[in-house]
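The values are calculated or read from the model by the stated rules, or taken from the named source; none is laboratory data. All values derive from a computational prediction rather than experimental measurement. Here Cβ is always computed from backbone atoms with ideal geometry, including for glycine, and neighbour counts include all displayed protein chains. The area values use the complete protein model at the heavy-atom level, side chains included, leaving out ligands, DNA and RNA. Shrake-Rupley method; radii C 1.70, N 1.55, O 1.52, S 1.80 Å.
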Amino acid sequence: KGALMKKITQRLLSALCAGALAASLLPPAPALAADTLSFSDTYDIANGLRYTAASSQTGDLRQQSFRLDYTPGKDVAPIVAYGNKLYGKSDINEIIDFVQKQGQCVYGAANADFFVMSTGLPSGLVVNNGRLVSSDGMWNAVGIKPDGKMIVGAPQMAMSLYSSATGDYPIYAFNKLRNNAGIYLLNSDFSTQTHSSGEGVVVRLTPVDSEPLRIGQDKQFTVASVDSAVNGSTPISEGEFILTSSKAYNNRGYTIDSLQVGETVTFRANVYNEAFADVVYACGAGDMVMKNGVMQSGLSTSREPRTLLGVRDDGSATALVHDGRLEISRGVSLKDAAQLLANKGCTNIVNLDGGGSSAEAVRQPGSSKTEV
């Protein structure tokens, strides 16, 4: 028995050596793709708002993202918030605190429009409870309809001021910082000051009635004063509107200092995209990443923190925030981020302000705080 076991062992060792030799003569096998380990947790944080936290790791590439899935017609409704004034900057925690002090409960929040770093002024459209607060700046926008359904696209706003004595004046922007590009209209939503630099014309306007400025509706003003040589910034009183242009622009022929004190003028802001005509809330947005189910070309391939909003055909929407520039999450390309939303049924997807601005906050079940 012992001799037999010795022979079997020798044969096995010989077979193993032969196998090792044969393997050494074969070409090396291709490396296997790294396995992806993933985890996600999804649950309702309110009736109509579902939260998902997801993470994955492929090799040394780690990813982490967060979604807020909104369904209209339930117990929650989306709004756009920015604080009391457009000029200046606030982080997401300050905005949540501001909204809750107005008597509302914030269950989820995400950053939105791109903004001017030096002023905090939003680049695009702002509509607050049906009131036009800032023009679209020729950017895309997110809109919220009266029934709570969401839309994304280009509002394509056009604005003008009409005087029966001197005709039409094209308005370049509403509540944006003045430069030499055209005629600007400002009110106290902008700031307590115009923050203008250089010399310009300032026409102070008094509203004929207390109705708010709305898209597609005429708003009449009485010309209170005309000053053709105002240097630098000037105060904006509460309820007052200021029509202003730089001296360089006024010299091109659209001379708003030709307006007469006491006359009535009419302002109108229209949108060529009629879907935005009745939005009750709106904010600006960046490039369309997917349009009517078609992924757009030329998308950035760099891995960055991202914030995107995807909208479905039924008006429901998903806000996606993807972490980046961290060991725990290396960021994601625009196309890959959009694909995550497309996989959830979104057909129109817009890029919001990513990078260091990307942030999402939620109120976890049982908690009294809405936290990033």
Output for the range 301-325, where each listed residue is surrounded by 15 or more Cβ atoms within 10 Å (Cβ to Cβ) and assigned to a loop (DSSP other than H, G, I, E, B): R303, P305, R312, G315, S316, D323, G324
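Listed here are the residues, each with its yes/no results for (1) out of contact with any Gly (no Cβ under 9 Å at 6 or more places or on another chain); (2) more than 17 Å from G286 (Cα to Cα); (3) among the charged types (D, E, K, R).
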site: Q102; (1), (2), (3): yes, yes, no
site: A109; (1), (2), (3): yes, yes, no
site: A112; (1), (2), (3): no, no, no
site: M117; (1), (2), (3): yes, no, no
site: G120; (1), (2), (3): no, no, no
site: D136; (1), (2), (3): no, no, yes
site: A141; (1), (2), (3): no, no, no
site: I183; (1), (2), (3): yes, yes, no
site: L205; (1), (2), (3): yes, yes, no
Selection count, the range 200-226, where residues are charged (D, E, K, R) and either within 19 Å of N270 (Cβ to Cβ) or in contact with a helix residue (DSSP H, G or I) (Cβ under 8 Å, 6 or more places away or on another chain) (or both): 4
Spans of strands (runs of 3 or more DSSP E) in the range 119-194 with at least 1 residues under 18 Å from L86 (Cα atoms): 126-128, 131-134, 140-144, 167-174, 183-187
Tally, over the range 100-112, of residues that are open to solvent by less than 70 Å² (accessible area, probe 1.4 Å) and touching a Leu at 6+ places or on another chain (Cβ under 7 Å): 4
Members of the range 195-212 found to be in a strand (DSSP E or B) and either in contact with a Leu (Cβ under 7 Å, 6 or more places away or on another chain) or within 11 Å of T244 (Cα to Cα) (or both), listed by number: E199, G200, V201, V202, V203, R204, L205
Only one of D41, D97 that is under 17 Å from T370 (Cα atoms) and open to solvent by 40 Å² or more (accessible area, probe 1.4 Å): D97
Qualifying positions in the range 343-372 - of a type in the set (G, A, S) and within 19 Å of the chain's Cα centre (by Cα): G354, G355, G356, S357, S358, A359, A361
Inter-residue pairs, beta-carbon under 7 Å, first over 15 Å from R178 (Cβ atoms) and among the polar types (S, T, N, Q) and in the range 245-260, second at pLDDT 95 or above and open to solvent by less than 50 Å² (accessible area, probe 1.4 Å), 6+ apart: Q260/V223
Where a residue in the range 201-214 is more than 16 Å from N128 (Cα to Cα) and free of Cβ contacts under 8 Å to residues at least 12 places away in the same chain and its partner, wherever it lies, is assigned to a strand (DSSP E or B) and open to solvent by 10 Å² or more (accessible area, probe 1.4 Å), with Cβ under 8 Å and at least six apart: D209/Q220
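A quick yes/no check of all residues on (1) under 23 Å from the mean Cα position of the chain (by Cα); (2) at pLDDT below 90:
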position	(1), (2)
L26	no, yes
A29	no, yes
D41	no, no
R50	yes, no
A54	yes, no
Q57	no, no
S65	yes, no
Sole exception among (1) of a type outside the set (V, I, T); (2) open to solvent by less than 30 Å² (accessible area, probe 1.4 Å); (3) at pLDDT 95 or above; (4) out of contact with any Cys (no Cβ under 9 Å at 6 or more places or on another chain) for L125, by number: (4)
The range 49-74 - residue that is among the β-branched types (V, I, T) and open to solvent by 30 Å² or more (accessible area, probe 1.4 Å) and, of those, nearest to G310 (Cα to Cα): T71
Residue selected from the range 326-365 under the condition open to solvent by 70 Å² or more (accessible area, probe 1.4 Å) and of a type in the set (D, E), by the criterion farthest from L308 (Cα to Cα): E327
Selected residue [open to solvent by less than 90 Å² (accessible area, probe 1.4 Å) and modelled with pLDDT under 50] from A77, A34, A46, A20: A20
Output for the range 215-234, where each listed residue is more than 22 Å from D278 (Cα to Cα), touching a residue at least 40 places away in the same chain (Cβ under 8 Å) and in a strand (DSSP E or B): F221, T222, V223
Residue in the range 249-260 that is open to solvent by less than 30 Å² (accessible area, probe 1.4 Å), in a loop (DSSP other than H, G, I, E, B) and under 12 Å from L161 (Cα atoms) present: yes
